[in-house]
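Asker: Pasting in a structure now, in structure tokens, and then I'll have a few things to ask.
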Amino acid sequence: MKEVFLSLGTNLGVREVNLLRALSELIKLGPLERSSWYETEPVDMPGAPLFLNGVVRLWSSSPLLELFNALQEIERKLGRVRHKSGEKGPRPIDIDLLFYGDEVFFSPELIVPHPRLSERAFVLVPLAELAPGLRHPILGITVQEMLSRISLKGVRKWNDD
């Protein structure tokens, strides 16, 4: 079983419902645990609605590309439409593969570990809840060390009681 970390985000519709629907699909792929939810300002999307984000730790026996395809299918099922232009916009769900064990993988469709995770507070804050000592296989530093190097502006814990 691989320990896999996923980032979840949504800024369309009833955001908490979107995340719960994603969790109900992800649990079919293996046992999981999740971070708290965080409300965050959109990155590179001026004027877009606020996001609700979190991180999931999933234990999976699926090969990397099979898992990636399953994640994209969950996104499609939950209403995500990807633009061929790569244009960013509001979305009902976004699932990014952050880590797949300690593997490093590069292809035109997928880069693991996620190439921008070390710059993103909306990823690192919830990831640090689950795995502060997790070491990035390329950068050689922990999640907590990455988090200490960036601004946390625009990231607020969501009351999900």
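The values are calculated or read from the model by the stated rules, or taken from the named source; none is laboratory data. Keep in mind it's a predicted model, so treat the numbers as computed, not measured. Quick reminder, even Gly has a Cβ in these numbers, built from the backbone with ideal geometry, and neighbours come from all protein chains shown. Each accessible area value is taken on the protein alone, full model and side chains, heavy atoms only, with ligands, DNA and RNA left out. Shrake-Rupley method; radii C 1.70, N 1.55, O 1.52, S 1.80 Å.
Asker: Given the criterion open to solvent by 60 Å² or more (accessible area, probe 1.4 Å) and in a loop (DSSP other than H, G, I, E, B), identify the matching residue among 43, 17.
Answerer: 43
Asker: Can I ask one more? Where the second residue is in a helix (DSSP H, G or I) and open to solvent by 20 Å² or more (accessible area, probe 1.4 Å) and the first is in contact (Cβ under 8 Å) with a residue 12 or more places away in the chain and more than 21 Å from residue 105 (Cβ to Cβ) and lies in the range 121-139, which pairs have Cβ atoms under 9 Å and are six or more apart or on separate chains?
Answerer: If the second residue must be in a helix (DSSP H, G or I) and open to solvent by 20 Å² or more (accessible area, probe 1.4 Å), the pairs left are 121/147; 125/147; 128/144; 128/147; 132/144; 132/147.
Asker: Okay, moving on. Could you tell me which numbered condition residue 82 fails, if it satisfies all but one of (1) modelled with pLDDT under 95; (2) within 18 Å of residue 4 (Cβ to Cβ); (3) open to solvent by 10 Å² or more (accessible area, probe 1.4 Å)?
Answerer: (2)
Asker: Here's another thing I want to ask about it. Report yes if residue 116 is of a type outside the set (A, V, I, L, M) and closer than 24 Å to residue 18 by Cβ, otherwise no.
Answerer: yes
Asker: Please enumerate the residues belonging to the range 96-124 that are open to solvent by less than 30 Å² (accessible area, probe 1.4 Å), aliphatic (A, V, I, L, M) and farther than 18 Å from residue 155 by Cα.
Answerer: Across the range 96-124, the qualifying residues are 97, 98, 110, 112.
Asker: Let me ask something else. Which members of the range 1-11 meet the condition of being open to solvent by less than 70 Å² (accessible area, probe 1.4 Å) and either touching a Gly at 6+ places or on another chain (Cβ under 8 Å) or under 18 Å from residue 124 (Cα atoms) (or both)?
Answerer: 2, 3, 4, 5, 6, 7, 8, 9, 10
Asker: Hey, any hits in the range 130-143 for a residue that's over 20 Å from residue 18 (Cβ atoms), among the basic types (Lys, Arg) and more than 16 Å from the chain's Cα centre (by Cα)?
Answerer: The answer is yes; a qualifying residue exists.
Asker: Of the residues that sit in the range 91-108 and are farther than 21 Å from residue 56 by Cα and part of a loop (DSSP other than H, G, I, E, B), which one is modelled with the lowest pLDDT?
Answerer: 108
Asker: Test residue 33 against the criterion of being more than 24 Å from residue 153 (Cα to Cα) and touching a residue at least 40 places away in the same chain (Cβ under 8 Å), and give yes or no.
Answerer: yes
Asker: With respect to residue 26, determine if the residue is over 26 Å from residue 145 (Cα atoms), aliphatic (A, V, I, L, M), touching a residue at least 24 places away in the same chain (Cβ under 8 Å) and surrounded by 20 or more Cβ atoms within 10 Å (Cβ to Cβ).
Answerer: Considered against the rule, which asks whether it is over 26 Å from residue 145 (Cα atoms), aliphatic (A, V, I, L, M), touching a residue at least 24 places away in the same chain (Cβ under 8 Å) and surrounded by 20 or more Cβ atoms within 10 Å (Cβ to Cβ), residue 26 comes out as yes.
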